[in-house]
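Okay, structure first, notes after.
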Amino acid sequence: MSPKSRRTSKGGAREAAADGTIADVAVLEIIPDVNAAVPHLQSKLPNVGTTVFSVMSALAAQHGAINLGQGFPDFGCDPRLVNAVTAAMTAGHNQYPLMPGVPALRERVSAKFEAIHGVRYDPATEVTVTAGATQGILSTVLAVVRPGDEVIVLEPCYDSYIPNIQLAGGVAVPVPLVAQTFEPDFGRIAAALTPRTRAIVVNTPHNPSGRVWQAAHWQRLAALLEQREVWVISDEVYEHMVYDGAPHHSAACFAGIRERAFVISSFGKTFHVTGWKIGTVCAPAALTAEFRKVHQYTVFTANSPMQHGIADYLQDPSPYYDLPAFYQAKRDRFAAGLAATPLRALPCEGSYFQCASYAEVPTLRDLSESACCEWLTREIGVTPIPLSAFYATPTEQKIVRFCFAKRDETLDAATVRLQRL
């Protein structure tokens with residue numbers, strides 16, 4: 001009995017003895033000492049609090065603003081996809097699938113990759129279905145990063161990267177992309193490489209800037225890593241959102257990169273079903289084997305009927321082949337609306353995010369990015385996200401990010417409001 005508690009007897013209970021007789025027994029009640037010490041929980045993520053997305057979404061709701069901050073569509077997916085998942089449920093695909101994922105889905109992913117990029121991943125040993133891209137990224141980091149390892153992240157960056165590295169006991173090494181243009185700075189990347197560097201995270205098409213890596217970028221990175229044991233974690237969730245006829249350059253397509261790369265994709269982004277949380281990680285067999293060791297103990301496997309439904313839906317390639325034109329039309333529509341405002345749209349080559357500078361807007365130019373977003377929400381009724389939120393140490397460039405994965409009427413209503421500037 002703990003010295004921090006005491007016990008008392010509660011009468012009235014009865015118990016059957018071995019010979020069948022009934023006897024009264026005492027029941028002990030443990031009464032905790034209210035003065036006992038409570039264990040101290042030391043946070044593994046002491047610097048993580050409420051995200052800017054939650055803050056700005058709450059502010060948007062409070063002021064009735066059009067929320068272009070969070071990155072998800074406000075329109076539905078193809079009904080054929082819902083029907084395919086429904087059919088999978090009806091057919092009984094409601095129990096655990098195989099740990100790496102439904103074989104038919106892995107085969108379709110492999111075939112799609114080969115058709116688009118001319119590179120084949122073996123569906124049995126090199127393709128794993130994940131519970132969304134975020135889980136794929138976390139499991140990749142946990143598989144390759146050990147305490148004290150350094151991981152280069154190119155800022156601004158998706159907000160899960162650095163916490164994932166910290167959870168693995170690693171050290172995130174932020175390297176800024178070139179200010180305003182968001183081009184990779186290979187001089188700074190080279191300077192950040194040390195004997196402790198274990199991985200680098202690349203995101204293309206890029207969230208939040210909308211920029212896209214070119215073949216020359218991958219080739220320069222391959223040259224930098226040639227004599228180093230550094231893994232590449234390539235976040236390619238916006239792979240089918242590249243515009244103006246340009247291709248998506250996957251990490252898998254480049255010698256010196258493919259052999260060391262984990263390529264992460266998202267059906268949620270591609271098929272407008274972000275809440276389904278289904279993604280993939282493709283990597284060479286030896287890397288996949290290590291990835292799956294972590295995957296099986298973090299989530300084990302992903303949603304069964306949705307895997308079956310997506311596998312069926314992927315028999316028709318037109319939805320992802322048509323996606324660039326679909327989102328380019330939205331990008332162009334939103335950019336045309338912004339052109340009638342004093343905001344300056346920055347280049348957007350991919351993703352479904354449009355960054356804009358307010359440096360030349362008299363009403364806004366003296367405000368921080370967070371204050372600007374709050375002002376736009378309260379006074380104009382449109383909510384963006386401050387670019388500074390995508391840096392470990394907030395970096396002010398007088399740039400905000402809008403999401404244009406919205407219905408045309410939503411985009412039009414937002415730009416009409418912004419024209420009041």
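Descriptive notes on the structure:
- From the list 168, 192, 199, 179, the lone residue that is assigned by TED's automatic domain parsing to the domain that holds residue 230, in contact (Cβ under 8 Å) with a residue 40 or more places away in the chain and farther than 14 Å from residue 230 by Cβ is 179.
- Residue 359 vs. criteria among the aliphatic types (A, V, I, L, M) and over 20 Å from residue 211 (Cβ atoms): no
- Here is the figure for segment 50-86: residues that are in a loop (DSSP other than H, G, I, E, B) and among the aliphatic types (A, V, I, L, M) total 2.
- The listed residues are 222, 190, and the only one of them that is among the aliphatic types (A, V, I, L, M), surrounded by fewer than 16 Cβ atoms within 10 Å (Cβ to Cβ) and in a helix (DSSP H, G or I) turns out to be 190.
- Residues in segment 280-327 that are touching a residue at least 12 places away in the same chain (Cβ under 8 Å) and of a type in the set (S, T, N, Q): 280, 288, 296, 298, 301, 303, 304, 307, 315.
- Selected residue (criterion: farthest from residue 409 (Cα to Cα)) from residues of segment 34-81 that are of a type in the set (Val, Ile, Thr) and in contact (Cβ under 8 Å) with a residue 12 or more places away in the chain: 48
- Residue count for segment 370-421 under the criterion of being in contact (Cβ under 8 Å) with a residue 60 or more places away in the chain, surrounded by fewer than 17 Cβ atoms within 10 Å (Cβ to Cβ), assigned to a loop (DSSP other than H, G, I, E, B) and among the basic types (Lys, Arg): the result is 1.
- Hey, residue 149 at pLDDT below 95 and out of contact with any Pro (no Cβ under 9 Å at 6 or more places or on another chain) or not: no
- Test: residue in segment 344-351 that is assigned to a helix (DSSP H, G or I) and modelled with pLDDT of 95 or more: no
- Of 369, 349, all but one fail to be among the charged types (D, E, K, R) and in contact with a strand residue (DSSP E or B) (Cβ under 6 Å, 6 or more places away or on another chain); the exception is 369.
- The set of residues in segment 131-156 being within 25 Å of residue 97 (Cα to Cα) and of a type outside the set (A, V, I, L, M, F, W, C) consists of 132, 134, 135, 136, 139, 140.
- Any chance residue 332 is out of contact with any Asp or Glu (no Cβ under 9 Å at 6 or more places or on another chain), free of Cβ contacts under 8 Å to residues at least 12 places away in the same chain and of a type in the set (D, E, K, R): yes
- For segment 98-130, a residue qualifies if it is surrounded by fewer than 20 Cβ atoms within 10 Å (Cβ to Cβ) and assigned to a loop (DSSP other than H, G, I, E, B), and the qualifying residues are 98, 99, 118, 119, 120, 122, 124, 125.
The values are calculated or read from the model by the stated rules, or taken from the named source; none is laboratory data. Remember, it's a predicted structure, so these values are computed and weren't measured experimentally. Every residue, glycine among them, receives a Cβ derived from its backbone with ideal geometry; neighbour counts consider all protein chains shown.
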